[in-house]
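As structure tokens, the structure follows; a few thoughts come after it.
The values are calculated or read from the model by the stated rules, or taken from the named source; none is laboratory data. Quantities reported herein were computed from a predicted structural model and do not represent experimental measurements. Areas reflect the complete protein model, heavy atoms only, side chains present, ligands, DNA and RNA absent. Shrake-Rupley method; radii C 1.70, N 1.55, O 1.52, S 1.80 Å.
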Amino acid sequence: VQNGEDGSYLLLDWKTGKTREGAKEQALVYTAYCQQEYKVVPSELSIEFWYLDLQERVSFSFTQEEVDAYLDLVVASANEIAQMYPDYKDKHSLSLSNFPKTEGPHCETCQWKELCFGQPEDDELPF
């Protein structure tokens, strides 16, 4: 995070590879984090993803209302998951069968793809 002379802030995230869906959500998370940890007002923060291989920049800036709405969505999603899996605090109560596979283009970059296409024999989650 860089502090500008005018009191604004700039957060740079250097990226390798191509642009991906979800960049806006990642920038919203960064904004919420900067607000919480550094007391930065969202409207005074710009976020830039610099895609080195593409020599391209993507910029984001959010209002307080946008950050609040995103955080409300995150909380609502977490609450929904908690209701679906009341024993979620006990990680051993969940198995991969609780999370059905949904194949699509997103599979190519998914960090969990080995769970879908090479499911462990004991059906345990790997954490």
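Percent of accessible area on region 8-59 owned by carbon and sulfur, 1.4 Å probe?
The C+S portion of the solvent-accessible surface of region 8-59 is 47 percent.
Which whole-number value in Å² is the accessible area per residue of region 1-82, probe 1.4 Å?
On a per-residue basis, 69 Å².
Given contacts defined as C-alpha pairs under 8 Å and at least six residues apart, what's the relative contact order of region 6-69, whole-number percent?
41 percent
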